[in-house]
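Here the structure comes first, spelled out in structure tokens, and everything after it is commentary.
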Amino acid sequence: MQEEAKNIVGYTDRLSVSAGDHQAFMLSTETPGTCQVELVELICGDTRAKGAGFQERRIESSLTASLEVAHQPIHGGSYGVAAVNAGVTTVCLCFLPTTAKQGTVAQVGPLTIRTGENGVCLHIDSEAMLTLPCKLNRWHWLGVTVDGDVLKGRITSDTAGPAERAETTELSLKLGGSIVLEAESVFLGTSWVDDKTSHVFNGKVERPWLSSETFDLSDAEILSEDLDRIKDAKGLIAAWDFSQQVAGDTGVDIGPSGSHVTLFNCPTRAVKGRYWDGTSNNVNEVPVQYGAVYFHDDDLTDANWVPTTSWQVPDDLPSAVYALKVTQHNSQDYIPFFVRPAPHHRRSRIAYLAPTATYLAYANQRLGIEESILSDGKIRNVNDAYLATHKEVGLSLYEHHSDGSGVHYSSYLRPVLNLKPEGTMWAFNADTNITAWLRHLDEPFDVITDEDLHREGMDLIEDYNVIITGTHPEYYSTEMLDAIADFLANSGRLMYMGGNGFYWRIAHHPDKPAIIEVRRAEDGTRAWMAEPGEYFHSFTDEYGGMWRRQGRPPNLLVGIGFAAQGFDGGTYYRLKPGARDKRVSFIFEDTSGDEVIGDYGSIEGGAASQEIDRWDSELGSPSHAIVLASSENHQPGMLRVVEELHMSTPFMQMQGAQVRADMTFFEAPSGGAVFSTGSIGYAGALAHNGYDNDICKITSNVLRRFIDDTPFEYPG
Ligand SMILES: [Fe+2]
């Protein structure tokens, strides 16, 4: 169907399901009314003239229905809420604003503390009372107290360095009568109006505390320096310490009533607070220096829509890639999900490991539709157009928040416009080239996801002969990487079907599998840089960054590692002398014998394209690994990764011999083996000429031998 514009979108609460699981689908349309939904197996999402061709298969299911679909808005932005039910007289907190836009630092009953261009304004019942000076990107301590019928405010601005002077301002205002700030709830990082957020704050908040007593604010400021003294403050109602339990969605109340803050949409945790002094960069060593919570007006980890329809995954549904297909007039949406084999069902010998962590990292990334290295800024389809005009669906891990800071968390609990078929050939849609190839071969395969691998580890994969990756398995948690390493150590065979794989370490939310975190620490080809001192994940305490900088370069696992990226056209591979080695003769059976292979394909016109990996002994590529073929003659835009360029010089080599994709094979001591393609674009060549080509032949030969139980013999 030719869509004119995207009118209807949706998401699922579970990207990976198996028999018996309850799964919900949340839908929203711009024009509320009847929509048709049905279940399809998604085989290939490539709609382009030179691609494998769009393929879906309708499946009869309890999901097939006509449904009334409403419009469901998204209220983005992170914030915190605590129930206090108290009469408040004093409010103290530290804050650091990162934009001049009006934003509410805290709302305590009728009191709203709001930053803006003119400073920080204290409102009572939405009437502006006192305005105190504050500066962008500086920490401030703020105290507010009611003394009979007088409202007092005191603010101290910290300095950025020795060239600035710290400033304290204290102001007071006589009110019409004496008041107490009766507060059922406290909101941090937002106002709460008509049951939703308003004026979401961009910036950090630390150590907010409330008392029922009036304070001399200079005393309160001194007291605020020490969490133990805050705990003993007279009349303490609540005091929140965000240096505790940074992995979850709770801000711990160290006061008498345990009124913990619940955080929504994942404000960033494990970030430097007001008391960070640079003596340690490790949140685990000095947690008290990481007591801030960082709110953003565009954080979104749960759109929180009401389910439109749901089902229980039936026992007889084969493992595969499916989608809920939703149609309203000439608008449609696909909500893909992955069905794992039912427990206790016989498994296939092949597991296709859908790189869902990578889908999450790229979820709703707009680099392709805004002018960037990836694109000339073209809107290419209705999904792009929707992303360009619906900022509320949130950001990817490749973008910056509205205040310029990097996006650390991503989730699939929101419409994800590039986790769909029919779009550009990247991530999910590019990976359908692999499922289409497997269907073409008529080889039964199971589908598993990164989320499952993270949760279940080796238990999930030990029974398979072969694991096949997607085109871009870039984001790996420790558990995922360990599981793949264990698999290879236990006679497993791995087909690494892409490029830039096993590159960044990620962390999963402790109890919400839909959410991942990245810290782009130290180095790497990265859309933003982690702040100094913020290299540890909040979800796991683990040091973030490239696996290469943590002693586990991908070369150790799959023989090759990220070498270069370029988006101005693909190229071919040329067979290397290693291709004639007897150890790999099975790979080249019935191939054409041509030295040049893969000078075709639906991704950039060549099998070696986009992001490419090379064999490199210095990075730990096994010495017995055989490079079967290497790419050459890349376009001018295919440039070496920045982590290999140590200083700027006039002789800097951005291209050269190190820029190449190495198709590689090696045996593992366990009887297992690895085949690596080294290019994201590789899978786009499989279907060329009706699957009658050397790339397809080579890959299919590898798969058929990898299925075979006969152990590979370790050479020498
Ligand atoms: Fe990548």
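Under 9 Å between Cβ atoms, at least 6 apart or on separate chains: pull out the pairs that start in region 485-507 with a residue that is without any contact (Cβ under 8 Å) to a residue 40 or more places away in the chain and open to solvent by less than 10 Å² (accessible area, probe 1.4 Å) and end on any residue that is more than 13 Å from the ligand (Cβ to nearest atom) and among the charged types (D, E, K, R). So the pair list comes out as A507/E517; A507/R519; A507/D541; A507/E542. Only a single item in (1) without any contact (Cβ under 8 Å) to a residue 40 or more places away in the chain; (2) more than 30 Å from D277 (Cα to Cα); (3) crowded, with 18+ Cβ neighbours inside 10 Å is not met by L111, and it is number (1). The strands (runs of 3 or more DSSP E) found wholly in region 610-685 and carrying at least 1 residues that are under 30 Å from the mean Cα position of the chain (by Cα) occupy 662-667, 673-676. Which of the residues that make up region 117-134 are part of a strand (DSSP E or B) and not aliphatic (A, V, I, L, M)? Selection gives G119, C121, H123, E127, T131.
To keep it simple, each residue is scored yes or no on (1) open to solvent by less than 30 Å² (accessible area, probe 1.4 Å); (2) closer than 27 Å to T268 by Cβ; (3) not basic (K, R).
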residue: T131; (1), (2), (3): no, no, yes
residue: L151; (1), (2), (3): yes, no, yes
residue: T156; (1), (2), (3): yes, yes, yes
residue: T169; (1), (2), (3): no, no, yes
residue: S172; (1), (2), (3): no, no, yes
residue: E184; (1), (2), (3): no, no, yes
residue: L188; (1), (2), (3): yes, yes, yes
residue: D195; (1), (2), (3): no, yes, yes
residue: E206; (1), (2), (3): yes, yes, yes
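Scanning region 532-571 for residues that are in a loop (DSSP other than H, G, I, E, B) and within 15 Å of the ligand (Cβ to nearest atom) turns up nothing. Selection of region 380-409 for residues being open to solvent by less than 20 Å² (accessible area, probe 1.4 Å) and assigned to a helix (DSSP H, G or I) yields N383, D384, Y386, L387, V393. Within region 572-593, does at least one residue satisfy the condition of being modelled with pLDDT of 95 or more, within 16 Å of the ligand (Cβ to nearest atom) and touching a Phe, Trp or Tyr at 6+ places or on another chain (Cβ under 8 Å)? Checked region 572-593: no residue is modelled with pLDDT of 95 or more, within 16 Å of the ligand (Cβ to nearest atom) and touching a Phe, Trp or Tyr at 6+ places or on another chain (Cβ under 8 Å).
Is at least one residue of region 389-396 touching a residue at least 40 places away in the same chain (Cβ under 8 Å) and touching a Lys or Arg at 6+ places or on another chain (Cβ under 7 Å)? Yes, there is a match, as at least one residue in region 389-396 is touching a residue at least 40 places away in the same chain (Cβ under 8 Å) and touching a Lys or Arg at 6+ places or on another chain (Cβ under 7 Å). Per the listing R114, R138, the residue uniquely among the basic types (K, R) and in a strand (DSSP E or B) is R114. What are the residues in region 347-366 that are polar (S, T, N, Q), under 18 Å from N500 (Cα atoms) and touching a helix residue (DSSP H, G or I) at 6+ places or on another chain (Cβ under 7 Å), if any? Within region 347-366, T356 is the sole residue that qualifies. Taking every residue in region 611-628 that is without any contact (Cβ under 8 Å) to a residue 12 or more places away in the chain and pairing it with any residue that is among the acidic types (D, E) and part of a loop (DSSP other than H, G, I, E, B), at least 6 positions away or on another chain, yields no pair with a Cβ-Cβ distance below 7 Å. Across region 633-681, the number of residues qualifying as within 16 Å of the ligand (Cβ to nearest atom) and closer than 27 Å to T710 by Cα comes to 3. Of the strands (runs of 3 or more DSSP E) entirely within region 279-375, those holding at least 3 residues that are polar (S, T, N, Q) occupy 309-312. Determine, yes or no, whether H624 is modelled with pLDDT of 95 or more and farther than 30 Å from M529 by Cα. Taking the combined requirement at face value, the residue satisfies it.
The values are calculated or read from the model by the stated rules, or taken from the named source; none is laboratory data. Computed from a prediction, not measured in an experiment: that's the story for all the values here. Neighbour counts are summed over all protein chains in view; Cβ atoms, including those assigned to glycine, are modelled from backbone coordinates with ideal geometry. Each accessible area value is taken on the protein alone, full model and side chains, heavy atoms only, with ligands, DNA and RNA left out. Shrake-Rupley method; radii C 1.70, N 1.55, O 1.52, S 1.80 Å.
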